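Comments concern the structure below.
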Amino acid sequence: MNKNSKNNKNSKKVSNKESENKVVRISESKDFAFVESFKALRTNIMFSLPLKDGVSCRKILFTSAGPGEGKSTATVNFAATLSETETKVLLIDADLRKPTVHKYFNMESRVGLSNLLSGMNKREECIQKASNYKNLSVITSGILPPNPSELLSSSAMDKLFEDFEKEYDYIIIDTPPVNVVTDALAIASKVDGVAVVAAFNRSVIPEVTKAIDALKFAKANILGIVMNRMVSKKGGYGRKSYNYSYKYKYKSYSSKESTDSDN
């Protein structure tokens, strides 16, 4: 390999890393594939969890096996895309360790979920309206507590869901990675469905399998895998871009489909 090729390769790695760290919202993206992939994800999940008689709200939890797999980007953009269907959506940042949802909307996170669960603030003080999305409300993480898992598994969390189910059509929850901490497992059985986010050419089947098994043990209804960072090659609409796709039913995967980790 010549020197120039090596430099180009290193440059590409830096570019990919920058893409991983970039905060991207649907309203700010002009990438056709990026926007349409979230619309497809919205359709698939809505069909997976149709509203039925006597059910006025659906609660959907997003998590991943490990960090750095694009979980929060998927959660935020799914919630934003869902709100465009004229349904009332509440997005909750339940990652009380390394929250990021507030960054997508340039919001303050000092008052949020932890404040509400601990009784420090009233609910009206913890709900913020998302700019550019009239049907999307957000509860940020709030003050980082010393006991995240205990707060999320508390009766206060049950009461929160019970109250907000009366006001919203969908409640979308962003949680920490399953294989890192148990926070997502604490509320997995309280929601209607769980979507597991995996990153193309980063996530590996054994780690995703471990997360799936833990969620199943926690009696979660696993909707499927959201595979992101797939590169769309030049085609009918033009250019390469990072894409999202929805893979329904994890059991259809085999060990042959494992990808190598970037780490």
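Would you call Thr87 at pLDDT 90 or above, among the polar types (S, T, N, Q) and not in a helix (DSSP H, G or I)? It would help to see each step written out before you state the result.
Working: at pLDDT 90 or above: yes; among the polar types (S, T, N, Q): yes; not in a helix (DSSP H, G or I): yes.
Spelling it out, Thr87 is indeed at pLDDT 90 or above, among the polar types (S, T, N, Q) and not in a helix (DSSP H, G or I).
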Is one or more of the residues making up the stretch 193-213 touching a Leu at 6+ places or on another chain (Cβ under 7 Å), modelled with pLDDT of 95 or more and not hydrophobic (A, V, I, L, M, F, W, C)?
yes
Tell me which of these Arg123 doesn't satisfy, since it passes every other one: (1) at pLDDT below 95; (2) of a type outside the set (Asp, Glu); (3) buried (at least 17 other Cβ atoms within 10 Å of the Cβ); (4) out of contact with any Gly (no Cβ under 7 Å at 6 or more places or on another chain).
(3)
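Filter the stretch 75-93 down to residues that are within 11 Å of the chain's Cα centre (by Cα) and not acidic (Asp, Glu) and give me whichever is surrounded by the fewest Cβ atoms within 10 Å (Cβ to Cβ).
Kept after step one, since they are within 11 Å of the chain's Cα centre (by Cα), are these residues of the stretch 75-93: 75-79, 91-93.
Still in the list and also not acidic (Asp, Glu): 75-79, 91-92.
Details: Thr75: 30, Val76: 28, Asn77: 25, Phe78: 28, Ala79: 30, Leu91: 29, Ile92: 30.
Per the stated criteria, the residue is Asn77.
Before we move on, is Asp158 of a type in the set (D, E, K, R) and surrounded by fewer than 20 Cβ atoms within 10 Å (Cβ to Cβ)? Before the answer, list the steps.
On the way: of a type in the set (D, E, K, R): yes; surrounded by fewer than 20 Cβ atoms within 10 Å (Cβ to Cβ): yes.
Taking the combined requirement at face value, the residue satisfies it.
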I'd like the residue in the stretch 161-198 that is open to solvent by less than 30 Å² (accessible area, probe 1.4 Å) and hydroxyl-bearing (Ser, Thr, Tyr) and, out of all such residues, is farthest from Gly224 (Cα to Cα).
Tyr168
Failed item in (1) free of Cβ contacts under 8 Å to residues at least 24 places away in the same chain; (2) touching a strand residue (DSSP E or B) at 6+ places or on another chain (Cβ under 6 Å), with Tyr170 passing the rest:
(1)
Filter the stretch 90-120 for residues that are more than 22 Å from Met46 (Cα to Cα), acidic (Asp, Glu) and modelled with pLDDT of 95 or more and give the result.
Asp95
Met227, sole failed condition from (1) part of a loop (DSSP other than H, G, I, E, B); (2) open to solvent by 20 Å² or more (accessible area, probe 1.4 Å)
(1)
If you take the residues of the stretch 53-74 that are under 14 Å from Glu165 (Cα atoms) and surrounded by fewer than 21 Cβ atoms within 10 Å (Cβ to Cβ), which of them is modelled with the highest pLDDT?
Cys57
Six or more apart or on different chains, Cβ atoms under 8 Å: show the pairs whose first residue is in the stretch 204-218 and in contact (Cβ under 8 Å) with a residue 60 or more places away in the chain and closer than 11 Å to Ser64 by Cβ and whose second is basic (Lys, Arg) and open to solvent by less than 40 Å² (accessible area, probe 1.4 Å).
none
Restricting to the stretch 199-214, and then to whatever is of a type outside the set (S, T, N, Q) and under 16 Å from Ala74 (Cβ atoms), can you tell me which residue is surrounded by the fewest Cβ atoms within 10 Å (Cβ to Cβ)?
Phe200
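The values are calculated or read from the model by the stated rules, or taken from the named source; none is laboratory data. Please read all numbers here as calculations on a predicted model, not as lab measurements. Backbone-built Cβ (ideal geometry, glycine too); neighbour counts: all protein chains shown. Accessible surface is based on the protein model in full, side chains and every heavy atom, while ligands, DNA and RNA are left aside. Shrake-Rupley method; radii C 1.70, N 1.55, O 1.52, S 1.80 Å.
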